[in-house]
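The values are calculated or read from the model by the stated rules, or taken from the named source; none is laboratory data. Predicted model, so just to flag it, every value in this text is computed and none were measured. Note that each Cβ is placed from the backbone with ideal geometry, even for glycine, and that neighbours are counted across all protein chains shown. SASA here: full protein model, heavy atoms, side chains in, ligands and nucleic acids out. Shrake-Rupley method; radii C 1.70, N 1.55, O 1.52, S 1.80 Å.
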Amino acid sequence: MVLCQGGEGDAAPAAGGQEPEVPPGRQDGTGAVQPCLRPAPGVEAAGAEERRACGCCHMSWPFCCKAPGTKKKAACPGLGLFYTILSAFLFSVASLFLKKVEDVHSVEVSAFRCVFQMAFVLPGLIYYKTGFLGPKGKRIFLFFRGFLGSTAMVLLYYAYQVMPLADATVITFTSPVFTSLLAWIFLKEKYSLWDLLFTLFAITGVILIARPPFLFGSHVTGIEGSYSDHLKGTIAAIASTLSAASTIVILRKVGKSVHYFLSIWYYAVIGLIGCVIALFVLNEWRLPHCGRDRVFLILIGLLGLGGQIFLTKALQIEKAGPVSIMRTMDVVFAFILQVLFLNHLPTWWTVGGALCVVASSTGTAIRKWRHSVKKAKQREI
């Protein structure tokens, strides 16, 4: 008999989101998965069509990495972090193109983005046979996930259009801090003094970027455009961040009982419906007159989709803590692109606010990472 690790049946959760039962003899005292038995060469096994692939290389025997004479393919170190940086770069370039679009409302840009999302997710729903509505008990959560997620996207695009790119990007990075706060309120997760400190740091950073007149005087310098637009953009960015944080809390509540593609499907469909209704109410629906703007719209959709794909791949092969920390490269790219292509130098207030926000989000990510590692070690014991 040839030994090989368990395959697809071990990685995929059972129907209804429940974890599959582990057969006897598949785990030892440390929780490590024991290899499963495979027929020796020349022996025909009954039901050979049901052979499972190797859990580490996903290849069938005798091409499995555990088969005699084969070498295990070494994982590329740092690949997940590289995917994260690439994702951050794609998101930042998409934001730059959004700033370059002239006569297209942010709601219409969001509608185009939703169309690209649907075109990407639909084949996945058909392939995985998840259906289009989801489990009955989870549909209300999926609806609010789609509504809040699409609202966050529309508000963020509006903020990008009316305020400096770096300022809007920095404010969005307060999302992990507000996620911890909302998870404490609604999910009863632990909220420590460190979390409170990080929240205060994030609020300080937002204040330094917004620079309200009652704190900084009536003549605020270094603002792109009028201060009223800057204030509207700041409010939109904060509301977008709160909506995104609420979305993450809902996804935690749903857990693994809903497929990832189905969650994105709700996000795209509800977002598209909401955007179309809003465009007719605002009477803003119109195709761009300039061919350049049409190209920008297509690139925004493609780059946003590419950023999501690489971020998802990063989270599949790397722990969430390092990925969250590396995502702060979004801020670096936003500052660089703003200086190079928009000819707008950030003020020291913006730099100070960025340092506060990045410090708070990084601290939150490190704490969550250490907590998850500690829990994993306790489960092993």
Arranged from highest to lowest average of other beta-carbon atoms within 10 Å per residue, in what order do the peptides 258-264, 279-285, 92-98 appear? 92-98, 258-264, 279-285
Order these peptides, 131-138, 148-155, by their mean beta-carbon neighbour count within 10 angstrom, highest first. 148-155, 131-138
In nm, to one decimal, how far is the residue 299 label point from the residue 276 one, both placed 7 Å along Cα→Cβ? 2.9
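Mind checking the per residue accessible area of region 79-380 for me, 1.4 Å probe, whole number of Å²?
50
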Backbone N under 15 Å from the residue 216 label point (7 Å along Cα→Cβ), restricted to region 337-370: 345-357
Please calculate the 1.4 Å probe accessible area of residue 76, with all protein chains present, and give it to the nearest 10 Å². 80
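Considering only protein heavy atoms, with the full assembly of protein chains and a 1.4 angstrom probe, order 170, 162 by accessible area, largest first. Before the final figure, lay out each step's value.
Details: 170 0, 162 30 Å².
Of 170, 162, the descending order of accessible area is 162, 170.
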Ordering 198, 112 by the accessible surface of their heavy atoms, 1.4 Å probe, largest first, yields 112, 198
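State which entries of 136/188; 190/253; 190/374; 188/319 exceed 18 angstrom in Cα-Cα distance in the structure shown.
Distance filter (> 18 Å) returns 136/188; 188/319.
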Taking a probe of 1.4 angstrom, what is the accessible area of residue 349 in Å², to the nearest 10? 120
